[in-house]
Amino acid sequence: MNGVAVGPPGFEEAVNLRQRARAAGMDPDYWYAVEEVRNIQPGSVVEVVFWKRSIALYRAADGSFHAMDNRCAHRQLKLSLGQVEGCRLVCSYHGWKYDPDGQLAETAHEMLGGSLPKVSLRTYPVKVRYGLIWLFPGDPELAEVLHIPEIPELEGKGRWACVPLSFTWSAHHSMVIDNVSDFTHAWLHRRYRPFDGATLTRCETIGDDVHVAYDTSVGRGRISGLFVDRKRVDTDSMKLCYQYPYQWSNTDEAIKHWLFVLPIDERTTRAFFLFYFKSLKIPLLPIHIPRLAMASVLKISNRVLIGPLLAQDGFAVEAEQEGYERHFDARPLEFNLAVRAFQNVTVRKWQEYLARENGTAMPAREPPTADSEAGADA
């Protein structure tokens, strides 16, 4: 050995489905959740990263959100190190001030010749929905054509209570998607028992969506089971979907969730979870929790139940990432058809994006090998 560190292959060098999935980025021509609204106060700026691209997200004094490339055109300092003045973002070094449209509007020092240079930074469409801030990192002309997922239960007067949860995990986004839709890992959650005895009953890829269903006992934990009214809700099965690049689940139209991943790089992902419930009952009583109290109940649940449960998933995917980096060349073994379907969509969508960017045709798909049919990746 010559002492040169060897790591997982890049996307073009990958030789099997798992390696390709673990190196793939995500198509930027979608809306991505990047932060919770409650975390960004007026007059503040933060850095968000979409697949190695640094973006300055700031909230103006009037409460509006704006985003632009996270660099001052002068000396390339990150604008997220600066501050917000009114509706402008100001570099911390020389006080160059940018309007929300990315145009240099003013400096804190005199310019040679007396006039400002024509400077324009790339800006990104921003929207607020479901308590989350969304960016469109791709072609801005598509931002009004492609939409944030519609969640009717979270809209209007009768909307269900929902309190977002977010995590930053040291794991590739495909590992996070695999985890939340693969119910063969009940052992990990044996303390909380969010699901038990899962049997895969559907795995179907339709376009860019992978539809999955399990026969499984949902919410049978010692604490969580007390809040579910089993006389009204069928908790013996669950539907899930990897609706690229999002993921959702549905238990009898009464217990639902969405997951929105923000791919940061090959080993880092931000995960935003929205769990929402049509109703929950008061433990040991046949009485449902009043709708006005549901948000408070969910805040407590996030802290003492859902958050710790998801932290177990975070532990698992981070450990998987470390294991993959050490043993990326080990024979891949995957026996859940759904996981291979998720990875196939992730790889195909990244190939399609690269082909668009390079102006080339999509490469032909490789047929699965005999090993893949037996449970190993192709």
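The values are calculated or read from the model by the stated rules, or taken from the named source; none is laboratory data. What you are looking at is a predicted structure, and each value in this text was computed from that prediction instead of being measured. Cβ coordinates were reconstructed from backbone atoms using ideal geometry, including for glycine residues, and neighbour counts include every protein chain displayed.
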- Message: So, in the stretch 43-82, exactly how many residues are buried (at least 16 other Cβ atoms within 10 Å of the Cβ), free of Cβ contacts under 8 Å to residues at least 60 places away in the same chain and either among the aliphatic types (A, V, I, L, M) or in a strand (DSSP E or B) (or both)?
- Response: 11
- Message: For the stretch 321-362: of the residues being surrounded by 17 or more Cβ atoms within 10 Å (Cβ to Cβ) and closer than 23 Å to Val6 by Cα, which is modelled with the lowest pLDDT?
- Response: Pro332
- Give Leu116, Leu188, Leu112 a once-over and let me know the one that is modelled with pLDDT under 95, aliphatic (A, V, I, L, M) and under 30 Å from Gly323 (Cβ atoms). Leu188
- Note on the structure: Taking the stretch 135-160 and the residues there that are in contact with a Lys or Arg (Cβ under 7 Å, 6 or more places away or on another chain) and not acidic (Asp, Glu), the one that is nearest to Asn250 (Cα to Cα) would be Trp160
- Test for Ile133: is it surrounded by 18 or more Cβ atoms within 10 Å (Cβ to Cβ), assigned to a loop (DSSP other than H, G, I, E, B) and among the β-branched types (Val, Ile, Thr): no
- If you scan the stretch 12-30, which residues turn out to be touching a Pro at 6+ places or on another chain (Cβ under 8 Å), touching a residue at least 60 places away in the same chain (Cβ under 8 Å) and either of a type outside the set (D, E, K, R) or at positive phi (or both)? Asn16, Leu17, Gln19, Ala23, Gly25, Met26, Pro28, Tyr30
- Would you check if there is a residue in the stretch 22-40 being over 24 Å from Gly131 (Cβ atoms), outside any loop (DSSP other than H, G, I, E, B) and modelled with pLDDT of 95 or more? yes
- Query: Name the residues in the stretch 156-178 that are in contact with a helix residue (DSSP H, G or I) (Cβ under 7 Å, 6 or more places away or on another chain) and modelled with pLDDT of 95 or more, would you?
  - Reply: Leu165, Phe167, Trp169, Ser170, Ala171, His172, Ser174, Met175, Val176, Ile177, Asp178
- Item | Close pairs from the stretch 314-338: first in contact (Cβ under 8 Å) with a residue 40 or more places away in the chain, partner of a type in the set (Phe, Trp, Tyr), Cβ under 7 Å, at least 6 apart | Gly314/Phe167; Gly314/Trp169; Val317/Trp169; Glu318/Trp169
- Listed by first then second residue, the pairs whose first member lies in the stretch 116-136 and is within 11 Å of His66 (Cα to Cα), whose partner is among the basic types (Lys, Arg) and modelled with pLDDT of 95 or more, with beta carbons under 6 Å and at least 6 positions apart or on separate chains, are Trp134/Lys127
- When (1) at pLDDT 95 or above; (2) over 20 Å from Ile306 (Cβ atoms) are applied to Lys231, the one that fails is (1)
- Task: Looking for whichever is within 26 Å of Ser237 (Cβ to Cβ), part of a loop (DSSP other than H, G, I, E, B) and either acidic (Asp, Glu) or at pLDDT 95 or above (or both) here; the options are Pro149, Pro100. Which one fits?
- Result: Pro149
- Can you name the residue in the stretch 160-179 that is small (Gly, Ala, Ser) and buried (at least 24 other Cβ atoms within 10 Å of the Cβ) and is also farthest from Gly323 (Cα to Cα) among such residues? Ser174
